[in-house]
Amino acid sequence: MRSSICLRSARGALQIQRLTTERFHAALELRKHFRDKPDISFTDLTTMVIMRELQIKAVVTEDNHFLHVGMGFQRLPE
């Protein structure tokens, strides 16, 4: 129930992005690049790929991994 309220209130501002084969492979490349950071989940890596592609800089998360990759992401709330 709560998520449906969220989706209704975000109408027009929310986009669902698919993990394409190209995005998956780009995330695999990030995994190789950040092999010294094994705590970064593959979900975070795929999110970073999509954010970079769509030129999104701000992410609502409690996760600090987005700050440790040097890709210019801003974590919200700060």
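The values are calculated or read from the model by the stated rules, or taken from the named source; none is laboratory data. For clarity, every value in this text was computed on a predicted model and none was experimentally measured. In this analysis, Cβ positions are derived from the backbone assuming ideal geometry, glycine residues included, and neighbour counts consider all displayed protein chains. These area figures cover heavy atoms from the full protein model, side chains too; ligands, DNA and RNA do not enter into them. Shrake-Rupley method; radii C 1.70, N 1.55, O 1.52, S 1.80 Å.
Please count how many residues of the stretch 44-57 are exposed (fewer than 11 other Cβ atoms within 10 Å of the Cβ) and part of a helix (DSSP H, G or I). Going through the stretch 44-57 one residue at a time, the tally reaches 0. State which residue is farthest from the chain's Cα centre (by Cα) when the search covers only the stretch 29-40 and only residues that are under 14 Å from residue 64 (Cβ atoms) and open to solvent by less than 50 Å² (accessible area, probe 1.4 Å). Here the answer is 34. Residues that are open to solvent by less than 70 Å² (accessible area, probe 1.4 Å), in a loop (DSSP other than H, G, I, E, B) and more than 20 Å from residue 15 (Cα to Cα) within the stretch 58-67 comprise just one, 63. Among the criteria (1) at pLDDT 90 or above; (2) out of contact with any Leu (no Cβ under 8 Å at 6 or more places or on another chain); (3) open to solvent by less than 70 Å² (accessible area, probe 1.4 Å), the one residue 70 does not fulfil is (3). If only residues of the stretch 1-28 that are part of a helix (DSSP H, G or I), at pLDDT 90 or above and of a type outside the set (Asp, Glu) are counted, the one that is surrounded by the fewest Cβ atoms within 10 Å (Cβ to Cβ) is 21.
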